[in-house]
Amino acid sequence: MTIAVINCGSSSIKYSLFEQQKQIETNVIQNLQKENYEAALTKLAEKFKASHSLIAVGHRVVHGGPDFHKPTFITASILEKIKSYSSLAPLHNPLNILGIEIMQSILKNLPQVAVFDTAFHHTIPHFAHIYPIPYEYYENHQIRRYGFHGISHEYLMHQASLKLQKSVDQCSLITAHLGNGCSITAIKNGKSVDTSMGFTPLEGVMMGTRSGSIDPSIVETIAKDCKNGVEDAMLALNRKSGLLGISGISNDMRKLHEAKSERAHLAIDMFVHSISKTIASMRTNLSSLDALVFSGGIGENDAIIREKIIERIPFLDLHIDKYKNLEHGKHHLGIISSSASLPIFVIPTDEEKMIMQEVLCLLSS
Ligand code: ADP
């Protein structure tokens, strides 16, 4: 019984094969261009076809719009609906759709399941998912907070609940997914109640190449200065900002630690400020907090950044010395705050595993 999981990104295709829930193969096909993307997917589908034990393919679909709250078998009408959300995620959904179409054309009659990165956040209450702009933009243009990284935040929630030995619906958490893209989510009794990313993955905290939230008027000022106006301004905010834009060196935190330049230090300070401020603000959504969770490339590996973030969060009220003494390995953290004990977990995220579990769950229902 094999389940394949694929994640079609803008320049890479990540896939994993699971047998009896155990990952038996994982790979990333990198540096793909528009011209060879389809061929790479076809080759992958042929490879899957050769596996006689394959029972389903799970697809990560970035945008599920306002309608998809759960993993869904992909029928023709579901695919049409996913296509209708392409304008909400023009860089991602079209590639996810291409992945689905090619897999469907080669692996005929095999169940294909869409697992949406937005779905986990559908529980965010109305007052937290609407923007304070004229209401008709919400009604007519579906402009609202959708949130992203939902598959990761949900996985982290399940892992944290195991560590806390509490059922998921009793867990209140703040999960910080800090990779190239970064987002922070407040989870109350097993449900997402707020998240930093919004209508697109550009909103929220400072990221590798994305600015995160800025005064929208800045877009107008930058656009006036650009050949292609708003299009170039959006490119600057998505691809040339964040750690890269400030340091002028890299979007990779490891390189910024090595660099001795003032701007590299400034980028790190700004990142820490942005993340700690957002974590602290997420606390206002929760009446109690069971744990803070760090994940993603930076969250999992960078103890210096974690420590700097933690130091700035007043409600943790930590004895940092104790924290230092307690950290033995990269996956261990058990922080004692001066007033109460608040666990801080470092959990490697595993979106593929979460997708595989969702596929299994749907198949068995
Ligand atoms: P993505 O969001 O693309 O999935 P990842 O979660 O893999 O990215 O995170 C990538 C980022 O994690 C890198 O750009 C780098 O900044 C950071 N990173 C990875 N390993 C380390 C490390 N050992 N120390 C500090 N930062 C790291």
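Scanning the range 158-213 for residues that are touching a Ser or Thr at 6+ places or on another chain (Cβ under 6 Å), surrounded by 21 or more Cβ atoms within 10 Å (Cβ to Cβ) and of a type in the set (A, V, I, L, M) yields a total of 4. The residue of the range 32-63 that is modelled with the lowest pLDDT, among those that are of a type in the set (A, V, I, L, M, F, W, C) and over 26 Å from the mean Cα position of the chain (by Cα), is Ala50.
Scan the range 216-228 and tell me whether some residue there is surrounded by fewer than 21 Cβ atoms within 10 Å (Cβ to Cβ), within 16 Å of the ligand (Cβ to nearest atom) and not acidic (Asp, Glu). Checked against the condition, which is being surrounded by fewer than 21 Cβ atoms within 10 Å (Cβ to Cβ), within 16 Å of the ligand (Cβ to nearest atom) and not acidic (Asp, Glu), the range 216-228 yields no hits at all.
Residue count for the range 28-71 under the criterion of being basic (Lys, Arg) and either without any contact (Cβ under 8 Å) to a residue 40 or more places away in the chain or assigned to a helix (DSSP H, G or I) (or both): the result is 4. Name the residues in the range 143-157 that are farther than 13 Å from Asn189 by Cβ and in contact with a Ser or Thr (Cβ under 9 Å, 6 or more places away or on another chain), would you? Within the range 143-157, Arg145, Tyr146, Gly147, Phe148, His149, Gly150, Ile151, Ser152, His153, Glu154, Tyr155, Leu156 qualify.
Take the residues of the range 241-273 that are among the β-branched types (Val, Ile, Thr) and more than 22 Å from Ile222 (Cα to Cα): which is farthest from the ligand (Cβ to nearest atom)? It comes out as Val272. When the range 260-278 is filtered for residues that are in contact with a helix residue (DSSP H, G or I) (Cβ under 7 Å, 6 or more places away or on another chain) and either under 23 Å from Ile151 (Cβ atoms) or not polar (S, T, N, Q) (or both), the ones remaining, listed by number, are Arg263, Ala264, Leu266, Ala267, Ile268, Met270, Phe271, Val272, Ile275.
When the range 197-235 is filtered for residues that are among the hydrophobic types (A, V, I, L, M, F, W, C) and within 21 Å of the chain's Cα centre (by Cα), the ones remaining, listed by number, are Met197, Phe199, Leu202, Val205, Met206, Met207, Ile214, Met234, Leu235. Whenever a residue of the range 244-270 is closer than 16 Å to Cys182 by Cβ, its partners that are more than 12 Å from the ligand (Cβ to nearest atom) and among the basic types (Lys, Arg), lying with C-beta atoms within less than 7 angstrom and at least six residues away or across chains, give the pairs Ile246/Arg263; Ser247/Arg263.
The helices (runs of 4 or more DSSP H) falling completely within the range 87-167 that include 3 or more residues that are over 20 Å from Met356 (Cβ atoms) map to 93-106, 126-129, 135-141.
Answer with yes or no whether Glu358 is at pLDDT 95 or above, farther than 17 Å from Gly181 by Cα, away from the ligand (no atom under 16 Å from the Cβ) and buried (at least 18 other Cβ atoms within 10 Å of the Cβ). Yes. For Arg312, are the conditions met, namely being in contact (Cβ under 8 Å) with a residue 60 or more places away in the chain, surrounded by fewer than 20 Cβ atoms within 10 Å (Cβ to Cβ) and away from the ligand (no atom under 15 Å from the Cβ)? Taking the combined requirement at face value, the residue does not satisfy it.
For the range 274-305, filtered to residues that are β-branched (Val, Ile, Thr) and within 16 Å of the ligand (Cβ to nearest atom), the residue that is farthest from Tyr155 (Cα to Cα) is Ile304.
Any chance the range 259-266 includes a residue that's modelled with pLDDT of 95 or more and surrounded by 19 or more Cβ atoms within 10 Å (Cβ to Cβ)? Yes, the range 259-266 contains at least one residue that is modelled with pLDDT of 95 or more and surrounded by 19 or more Cβ atoms within 10 Å (Cβ to Cβ).
The values are calculated or read from the model by the stated rules, or taken from the named source; none is laboratory data. As the structure is a prediction and not an experimental result, all values here were calculated from the model. Note that each Cβ is placed from the backbone with ideal geometry, even for glycine, and that neighbours are counted across all protein chains shown.
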